[in-house]
Structure formats: structure tokens, C-alpha cells
Amino acid sequence: MATPHIAADRGDIAPKVLLPGDPKRADRIAATFLDDARVVSDVRGIRAWTGSHQGTPMSVMASGMGIPSASIYATELFRFFGVERICRVGTCGGISPKVKVRDVVIGAAAHTNSSIATIYVPDVTLSLTASFDMLRGAVDAARQGDAAVHVGPVYSSDFFYLGRSDVIEGLEKVGTLAVEMEAAALYTCAALEGGEALTVLTVSDHLKDGAGDMSAEERETSFGNALRIAAAALMA
Ligand code: HPA
């Protein structure tokens, strides 16, 4: 059964889904990380692929950029395709001085300036949190590797070009590790749909220390650590 944004049958998508932001990255993950991957949907340039990883059925598709786009795909995957776990694999901008370019950030929770945190329950700002079991799986996998990995809250911003250093200063003071644009959507949709979600990010740039930013090409190729951790979280 097709939905407005995914032209697949229910069984075509695996219960475990890797969700990068960029459609090209999804294609690359399908080619290099999944076995026997086949295209199961191709709508608006967002291909969904299903194959397996280490014998476990796994799909990969892109979320696009930002909370509205990610919330559409997350909702349709959980609600209509029997998806149980989604792990976002993406990039982020460092906020904390502890976080360096190329490190991995695991988003235990997501702060946001999006109305998605307040729209569902009157007068309440929801705490948007990752799946505990996926988080534990990710941390266990991270400890087995040698990548620098940080676990904590990220900031899901509605604006890439916010230009508000006061907001970033405040977020740093409360221990926020990094900024990205989709985790809050994923955690909210998982909560609403009864699914599980996690976000594993590679630090591609740093808001307070521009030195060592990654090029677009590097962003696409050098996030193997995050991908390994994300797959372990899906399989935990
Ligand atoms: N802001 C938002 N999202 C991002 C950034 C950023 O600086 N870097 C990578 N993803």
C-alpha cells in the first residue's frame, strides 16, 4: 500500500531503518553497507532500499532536511509499514567545546525551537528522548570501537542560518552537545506511533571553532563510525 510519500508495499520495508538526511547518502549506504539491497520506493528523489546487514533485514531511506520532512517519513514508516526502529545517521555542528569535528554524537535527547515539542499536549513542552534500548546498544557498540563518542542532548533547530549566538551560548551552558535539524521530529513521531528511535551523528563542523570543517565529499564518506554504531543500535 503506497502512502503519499512512500510507494512500497507493507512488507517491502524492514522493521529496522537507517535514516540519513541526504538521499545520496542513503544510496551510498545501500551500496556499501547492506547486502542484496533493492529499491522499494522512489518518490520525490527519496529512494528507499531494503537488504540486510550481518543477516538482519534492514532498510535505508533519507529523511530530507528539517523537522517537517523527517516527521513525514518517520510517521509513514512507523504507522503504515510496520517499522519498529529508526536510527537517524547524519551530521551535526558541534556546540560543546568537548566535541570535535569527526567525533560521533549520540543524541540521548533533543531540545528544539520547533512547535513539535509543544503542539501535542496543551501547556506542556514534551521531553523528546531516544529509545533506551537503542541508546544502550549504541553506547555498547561505541565502547568497542576507538572513535571519540559523546552521549547527551542535541539541539534540533528549525533554522540552519539562525545567526543567534545567544541561543547557542544558552544551549552550551545547559550541556547541549551539537546542533542538527531532525532528531526532535524522530523522537516525537516515535513516541506518538509507539516506535523506537535514536540519532547518531558525525560532527561535520563546529559553531564555535570553525577550524577543520569537513568538505561535502568528506561528509559523505567519513561517517563509518556513526554508521556502525547506528546499525548496532538497530540490532540491539
Ligand atoms: N546547523 C544545523 N544543522 C547542522 C549543522 C549546523 O551547523 N551542521 C550540520 N548539521
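The values are calculated or read from the model by the stated rules, or taken from the named source; none is laboratory data. If you're wondering where the values come from, they're calculated on a predicted model, not measured in any experiment. Note that we place each Cβ from the backbone using ideal geometry, even for glycine, and neighbour counts take in every protein chain shown. These accessible areas exclude ligands, DNA and RNA; they are computed on the full protein's heavy atoms, side chains included. Shrake-Rupley method; radii C 1.70, N 1.55, O 1.52, S 1.80 Å.
What accessible area per residue, rounded to a whole number of Å², is obtained for the chain using a probe radius of 1.4 Å?
45
Give me a comma-separated list of calculated 3J(HN,Hα) values for the stretch 147-157, in order, Karplus coefficients 6.51, -1.76, 1.60 applied at θ = phi - 60°, integers in Hz, x for any Gly or Pro.
Listing the rounded values in order: 6, 6, 10, 10, 10, x, x, 10, 10, 9, 9 Hz.
Can you tell which of LEU135, LEU198, LEU162 shows the greatest fluctuation in a Gaussian network model of the chain with Cα springs below 10 Å?
Of LEU135, LEU198, LEU162, the Gaussian network model singles out LEU162 as fluctuating most.
Could you calculate the contour length gain from LYS208 to GLU84, that is, 0.36 nm times the residue separation minus the distance between their Cα atoms, to one decimal place in nm?
41.0 nm
Let me make sure I get this right: for the stretch 99-155, a, b and c are the square roots of the gyration tensor eigenvalues over alpha carbons, sorted descending. Under 1.5 in a/c it's rounded, otherwise prolate if a/b > b/c, else oblate. Which is it?
On the way: a/c = 5.11, a/b = 2.06, b/c = 2.47.
The shape class here is oblate.
Would you grab the residues whose amide H sits under 5 Å from the one on THR112? Only those 5+ places off in sequence or on another chain, please, with H modelled 1.01 Å from N.
Answer set, sorted by chain and number: SER156.
Mind listing the phi-derived Karplus ³J(HN,Hα) values for the stretch 190-205, rounded to whole Hz, using 6.51, -1.76 and 1.60 with θ = phi - 60°, and x for any glycine or proline?
Per-residue couplings from phi come out as 4, 5, 5, 9, x, x, 10, 8, 8, 10, 10, 10, 9, 6, 9, 7 Hz.
If a/c stays under 1.5 just call it rounded; otherwise compare a/b with b/c (prolate if a/b is bigger, oblate if not). Do that for the stretch 108-236, with a ≥ b ≥ c from the square roots of the Cα gyration tensor eigenvalues.
Since a/c reaches 1.5 but b/c is at least a/b, the shape of the stretch 108-236 is classed as oblate.
Connecting C-alpha atoms closer than 10 Å in a GNM of the chain, tell me which of PHE223, PHE81, PHE159 has the biggest fluctuation.
Comparing PHE223, PHE81, PHE159 in the GNM, the peak value goes to PHE159.
Working with all protein chains in place, sort HIS111, HIS53 by solvent-accessible area computed with a 1.4 Å probe, largest first.
Result, largest first: HIS111, HIS53.
Between ARG25, ARG44, ARG79, find the one with the highest GNM mean-square fluctuation for the chain; connect C-alpha pairs within less than 10 Å.
The residue that fluctuates most here is ARG44.
Evaluate the distance, in nm, between pseudo-label points positioned 7 Å from the Cα of ASP140 and of LYS24 along their respective Cα→Cβ axes.
3.6
Helix 67-80 versus the longest principal axis of the chain: what angle, 0 to 90°, nearest 10, using Cα atoms?
The helix 67-80 is inclined about 30 degrees to the chain.
So, by mean Cβ neighbours within 10 angstrom, what's the order for 12-24, 166-178, 113-125 with the highest one leading?
Packing proxy ranking, top to bottom: 12-24, 166-178, 113-125.
Sum -39500 (n - 2.57) across every DSSP H segment of at least 4 residues in the chain, then divide by the residue count to get the 222 nm mean residue ellipticity, nearest 500.
Helix contribution divided over all residues of the chain: -9500 deg cm²/dmol.
At a 1.4 Å probe, what is the % contribution of carbon and sulfur to the accessible area of the chain?
On the way: 5500 of 10530 Å².
After summing per-atom areas, the C and S share lands at 52 percent.
If the only charges are +1 at each Lys and Arg Cβ and -1 at each Asp and Glu Cβ, what is the size of the charge dipole of the stretch 16-235 around the Cα centre, to the nearest 20 debye? Mind dumping the intermediate values first?
Numbers: 20 positive and 26 negative charges, 47 e Å.
The calculation lands at about 220 debye.
How far is helix 23-33 tilted, in degrees, relative to the longest principal axis of the Cα atoms in the chain, given as a value from 0 to 90 rounded to the nearest 10?
Relative to the chain, helix 23-33 is tipped by roughly 70 degrees.
Return the whole-Å distance between the Cα centroid of the stretch 1-28 and the Cα centroid of the stretch 222-236.
Distance between centres, Cα-based: 18 Å.
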